[in-house]
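Undergrad: Got a structure for you, written out below as structure tokens; questions coming shortly.
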Amino acid sequence: MPKSKRDRKVSLTRTPRKGLEAKQALIAELRRCVDTYKYIFVFSVANMRNNKLKDVRNAWKHSRIFFGKNKVMMVALGREPSSEYKENLHKVSKHLRGEVGLLFTNRTRDEVDEWFSKFRELDFARAGNKAPYGVSLDTGPLEQFPHSMEPQLRQLGLPTALKKGVVTLLSDYEVCKEGDVLTPEQARVLKLFGYEMAEFKVTMKFLWNSETGDFQKLVGDTAEEEEEEEEEEDDDDGSNED
């Protein structure tokens, strides 16, 4: 009786290593950038949109931008003084949390600040975003929508009906209040009516200088963020004493 293929043993040494190789290649590329560029900026992104970040990359082709894979970037730079690739890079790693990235560049801080302070683009808000202002709709015809859209609008909670083949709002309708955390339905309605509430922007938070090894915090963080960072420093100090 032939053996079942399910019983076949697979050697772990023969499993694909593409994932590991990709991480090793990224680590090597990050370290090459450390050796090549004068400055590393740690930046945060508000209302992340891939197409907007692509625009930034295209405008900064003379530099290198890495976004995502924070843990791999931390390994490349070093998490602690004993493992850091160059002096004070462990301080860069410490701030690689959440929606942040690295900008490797030879442009000065003034040049970076000037460009990124002007680059802000609006987009449609998503569920979970806070509404920066309230939106209300007035009673009356909604001629921008075809009659086939009426059931969808009603399903989203709008008091609509067809009147002589025209989608009509039967009563005033409040889509959201200022400060509301948007639901999927609210976000969809705002998009249908063309309200762009989310502002994509990149904020430079920290700077590392390859020539001096200096690491500095840049202007713009809130007091709350400063307190969080101090707490993290305290935690790190405690762990180093063990």
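Undergrad: Under 8 Å between Cβ atoms, at least 6 apart or on separate chains: pull out the pairs that start in region 75-92 with a residue that is closer than 16 Å to L30 by Cβ and assigned to a loop (DSSP other than H, G, I, E, B) and end on any residue that is acidic (D, E) and open to solvent by 70 Å² or more (accessible area, probe 1.4 Å).
TA: Hits for this filter: N88/D214.
Undergrad: Continuing with the same structure: P141 versus (1) modelled with pLDDT of 95 or more; (2) under 26 Å from E199 (Cβ atoms); (3) surrounded by fewer than 16 Cβ atoms within 10 Å (Cβ to Cβ); (4) not hydroxyl-bearing (S, T, Y): which is the lone unmet condition?
TA: Of (1) modelled with pLDDT of 95 or more; (2) under 26 Å from E199 (Cβ atoms); (3) surrounded by fewer than 16 Cβ atoms within 10 Å (Cβ to Cβ); (4) not hydroxyl-bearing (S, T, Y), only one is false for P141: (2).
Undergrad: Pick from S117, S136: which is open to solvent by 50 Å² or more (accessible area, probe 1.4 Å), at pLDDT 95 or above and not in a loop (DSSP other than H, G, I, E, B)? So that I can check it myself, show each step before the final result.
TA: Values: S117 fails: at pLDDT 95 or above.
Going through S117, S136 in turn, the sole match is S136.
Undergrad: It is to be established whether one or more residues within region 64-72 are more than 17 Å from T203 (Cβ to Cβ), surrounded by 17 or more Cβ atoms within 10 Å (Cβ to Cβ) and at pLDDT 95 or above.
TA: Within region 64-72 (the criterion being more than 17 Å from T203 (Cβ to Cβ), surrounded by 17 or more Cβ atoms within 10 Å (Cβ to Cβ) and at pLDDT 95 or above), the answer is yes, since at least one residue qualifies.
Undergrad: Follow-up. Has region 139-146 got any residue that is under 22 Å from the mean Cα position of the chain (by Cα) and among the β-branched types (V, I, T)? Write out each step before concluding.
TA: Of all residues in region 139-146, those under 22 Å from the mean Cα position of the chain (by Cα) come to none.
Scanning region 139-146, I find no residue that is under 22 Å from the mean Cα position of the chain (by Cα) and among the β-branched types (V, I, T), so the answer is no.
The values are calculated or read from the model by the stated rules, or taken from the named source; none is laboratory data. Note that the structure is a prediction, hence the values are computed from the model and not measured. Ideal geometry is used to build each Cβ from the backbone, glycine not excepted, and the neighbour counts take in all protein chains shown. Heads up: the accessible areas ignore ligands, DNA and RNA and are worked out on the full protein's heavy atoms, side chains in. Shrake-Rupley method; radii C 1.70, N 1.55, O 1.52, S 1.80 Å.
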